[in-house]
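Notes follow once the structure below has been shown.
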Amino acid sequence: MNFSPLSLLKEEHTAIYDREDTIDGHKTSVIKVIPLGDASNVILSTLWIDQSVNVIRKIESTTKTGGTFSIELRYDKSLNNYPLPSSMIFTFNVDRMQIPKGLSGDMSSDEKKKDENKSTTGKVYITYSDYKVNKGIPDEIFEKKKK
């Protein structure tokens with residue numbers, strides 16, 4: 001969950017326009033971002049950027065460990081002044097060997113050998129609400145002072 005789209009752009013990278021696509025009725029530009037060098041854990045990220053309001057609608061990333069994750073961002077129409085997401089769905093692969101039996105719900109004492117290479121998909125749903133933007137902070141704080 002500690003992923004920020006901005007982190008893709010902090011390191012050297014190559015970005016390639018791939019195609020146009022539509023997500024939930026929104027026309028998007030699909031951009032592939034490939035980090036350069038060995039510092040990043042991400043091999044490839046694909047971003048769906050809304051062409052009309054310039055917000056990210058979806059991200060899919062593949063990591064060096066072979067795991068993949070995607071983030072779907074939804075925006076409430078009332079937040080058009082501040083394009084902050086109203087909800088997010090984070091989908092990721094979970095290797096069955098990494099999940100303790102108590103958390104996976106597998107409490108059986110059956111000795112049958114399970115497919116240890118099998119993975120499953122996990123999802124986390126996050127809803128954002130009650131945004132307070134610049135509440136009580138004057139705009140002058142964010143302006144650069146002229147010398």
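The values are calculated or read from the model by the stated rules, or taken from the named source; none is laboratory data. Predicted model, so just to flag it, every value in this text is computed and none were measured. Methodologically, a virtual Cβ is constructed for each residue, glycine included, from the backbone with ideal geometry; neighbour enumeration extends over all protein chains shown.
Every listed requirement among (1) within 15 Å of the chain's Cα centre (by Cα); (2) of a type in the set (D, E, K, R); (3) at pLDDT below 90 is met by K32 save one, (3). Remark: L9 matches the filter, which requires a residue to be surrounded by fewer than 15 Cβ atoms within 10 Å (Cβ to Cβ) and at pLDDT below 80. Residues of segment 96-143 that are modelled with pLDDT under 75 and acidic (D, E): D106, D110, E111, D115, E116.
Scanning segment 20-44 for residues that are out of contact with any Asp or Glu (no Cβ under 7 Å at 6 or more places or on another chain) and surrounded by 10 or more Cβ atoms within 10 Å (Cβ to Cβ) yields a total of 11.
Residue pairs whose Cβ atoms lie under 9 Å apart, separated by 6 or more positions or on different chains, with the first residue in segment 39-65 and more than 15 Å from D24 (Cα to Cα) and in a strand (DSSP E or B) and the second modelled with pLDDT under 90 and of a type in the set (F, W, Y), are V42/F3; E60/F69; S61/F3; S61/F69; T62/F69; T63/F69.
Selection within segment 35-49: residues that are under 14 Å from T62 (Cα atoms) and of a type in the set (G, A, S). The member of this set that is farthest from the chain's Cα centre (by Cα) is S40.
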